[in-house]
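The values are calculated or read from the model by the stated rules, or taken from the named source; none is laboratory data. Owing to the predicted nature of the structure, the values given are computational and were not obtained by experimental measurement. We place every Cβ from the backbone using ideal geometry, glycine too, and count neighbours over all the protein chains shown.
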Amino acid sequence: MAKPNRLTLVETEHAGALKHTAVSHIGFQVPDLDASIAFYNRVLGLSVQERLENGAVRLGWGAGHHVIELREGEKGLVHYGFEVRDEGGIEGIRSRLEAAGFTVTDLDPSYIDGAVGEPAGLVAVDPDGTPVHFHSQVERHGENSADTGRRPIKFQHTTVGTVDVQPFVEFFVNTIGFRITDQLADGKFTWFRSDKDHHTLAVVEVGRAGDIDHYSYDLAEWADFKAWCDRLTELDVPVAWGPGRHGPGNNLFVFFDDPAGNHIELSAEMEKFYDEAVQYVPRRWEPVPSSVNLWGGQLPTWRKTSEGNE
């Protein structure tokens, strides 16, 4: 008997146009700005790099590009961004978006401070109306030199919550040039790659448009997870989910929340893909709890799958 609710997400001609594009930064609106700044400094080692005239604050690790922009207000996702290191990548994205009928504007130059070479950037809105930034390579001196027991290596990926995944496939894969790595077989969760990492972006149906499901920081290895779980306990930050191992991505994970309720993931050992050397067909995982946690399938209250939930 055929299984119900199956949907294969399809790539078209522009899929894979980007091969050297990484997650860059993310912007949130938070109810208590000071509390959020203090949390990110105390827990993740992010310090204030810039205070903007509109009241927004940018945080990062020392010198180099910022990681988070925080604004005071009702909790929500303001924007998210990607660093495009592909040769001609910004021009290619602009051309494909405009050809598909999307409105494209120039990115505020302050988001490209510390550019490597001639700065370039653009903004388009995703299918839920959230601005997405794409910019050329920038300096990131503060990353990749961390004591990983006390500070992540880098910002790793963003996962957007929505009411319908399919328009995001058309936007990010079939227009901008990401690739589908994996999906749940019901089409309600999919993972996109734009460099060698299994995913720099994921999209999941959560019943709300324009939402942030979670975002993730990279650690180095399994031993760091013990240190982090102990450290979070010392800091009175409850572990919300994990430790565990995802099926899609095969990465280790642990989750906790910031003061606004944004879900933060710490991740390690993410699967790598070498598109220039192999032909790859996106995998379709069963939409059950054990796919998103190979170590037993336990889920937090905010993560649901369409099958296998009690």
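When the stretch 130-147 is filtered for residues that are under 18 Å from Thr105 (Cα atoms) and either out of contact with any Gly (no Cβ under 6 Å at 6 or more places or on another chain) or aliphatic (A, V, I, L, M) (or both), the ones remaining, listed by number, are Pro131, Val132, Phe134, Ser136.
The single condition among (1) touching a Leu at 6+ places or on another chain (Cβ under 7 Å); (2) more than 25 Å from Pro259 (Cα to Cα); (3) β-branched (Val, Ile, Thr) that Thr103 does not satisfy is (1).
Ala15 falls short on exactly one of the conditions (1) closer than 30 Å to Phe273 by Cα; (2) surrounded by fewer than 21 Cβ atoms within 10 Å (Cβ to Cβ); (3) in the same structural domain as Asp126 (by TED's automatic domain parsing), and that condition is (3). Residues in the stretch 140-159 that are more than 25 Å from Ala209 (Cβ to Cβ) and touching a strand residue (DSSP E or B) at 6+ places or on another chain (Cβ under 8 Å): Arg140, Gly142, Glu143, Asn144, Pro152, Ile153, Lys154. Per the listing Asp211, Asp257, Asp275, Asp195, the residue uniquely under 26 Å from Ser24 (Cβ atoms) and buried (at least 20 other Cβ atoms within 10 Å of the Cβ) is Asp195. Among the listed residues Val169, Val138, Val78, Val84, identify the single one that is among the β-branched types (Val, Ile, Thr) and in contact with a Lys or Arg (Cβ under 9 Å, 6 or more places away or on another chain). Only one candidate qualifies: Val78. Looking at Leu97, is it in contact (Cβ under 8 Å) with a residue 12 or more places away in the chain, of a type outside the set (Val, Ile, Thr) and closer than 25 Å to Ala63 by Cβ? The answer is no for Leu97. Each residue in the stretch 125-139 was checked for being charged (D, E, K, R) and surrounded by fewer than 21 Cβ atoms within 10 Å (Cβ to Cβ), and 2 pass. Pairing residues of the stretch 106-120 that are on the phi > 0 side of the Ramachandran plot and in the same structural domain as Gln49 (by TED's automatic domain parsing) with residues that are surrounded by 12 or more Cβ atoms within 10 Å (Cβ to Cβ) and part of a strand (DSSP E or B), at Cβ distances under 9 Å and at least 6 apart in sequence or on separate chains, gives Gly114/Val138. In the stretch 187-199, the residues that are closer than 22 Å to Lys304 by Cα and of a type in the set (D, E, K, R) form Cβ pairs under 8 Å with partners that are modelled with pLDDT of 95 or more and in a strand (DSSP E or B), at six or more places apart or across chains, as follows: Lys188/Val204; Lys188/Glu205. Kindly check whether there is at least one residue in the stretch 178-185 that is among the basic types (Lys, Arg), touching a strand residue (DSSP E or B) at 6+ places or on another chain (Cβ under 9 Å), assigned to a strand (DSSP E or B) and not assigned by TED's automatic domain parsing to the domain that holds Gly101. The answer is yes, given that some residue of the stretch 178-185 is among the basic types (Lys, Arg), touching a strand residue (DSSP E or B) at 6+ places or on another chain (Cβ under 9 Å), assigned to a strand (DSSP E or B) and not assigned by TED's automatic domain parsing to the domain that holds Gly101. The set of residues in the stretch 230-245 that are buried (at least 17 other Cβ atoms within 10 Å of the Cβ) and outside any loop (DSSP other than H, G, I, E, B) comprises Leu232, Trp241, Gly242, Pro243, Gly244, Arg245. Among the candidates Pro248, Pro289, the residue that is within 21 Å of Val169 (Cα to Cα) and buried (at least 18 other Cβ atoms within 10 Å of the Cβ) is uniquely Pro248.
Note on the stretch 149-174: among residues that are of a type in the set (S, T, N, Q) and part of a helix (DSSP H, G or I), the one that is surrounded by the most Cβ atoms within 10 Å (Cβ to Cβ) is Asn174. Residues that are among the small types (Gly, Ala, Ser), farther than 14 Å from Thr8 by Cβ and over 15 Å from the mean Cα position of the chain (by Cα) within the stretch 160-186 comprise just one, Gly177. Condition check: touching an Asp or Glu at 6+ places or on another chain (Cβ under 9 Å), within 25 Å of Phe192 (Cα to Cα) and either surrounded by 21 or more Cβ atoms within 10 Å (Cβ to Cβ) or modelled with pLDDT under 95 (or both). Does Val10 satisfy that? In short, no. Looking only at the stretch 256-292, which residues are hydrophobic (A, V, I, L, M, F, W, C), more than 30 Å from Gly73 (Cβ to Cβ) and assigned to a loop (DSSP other than H, G, I, E, B)? Result: Met270, Phe273, Ala277, Val278, Val281, Val288.
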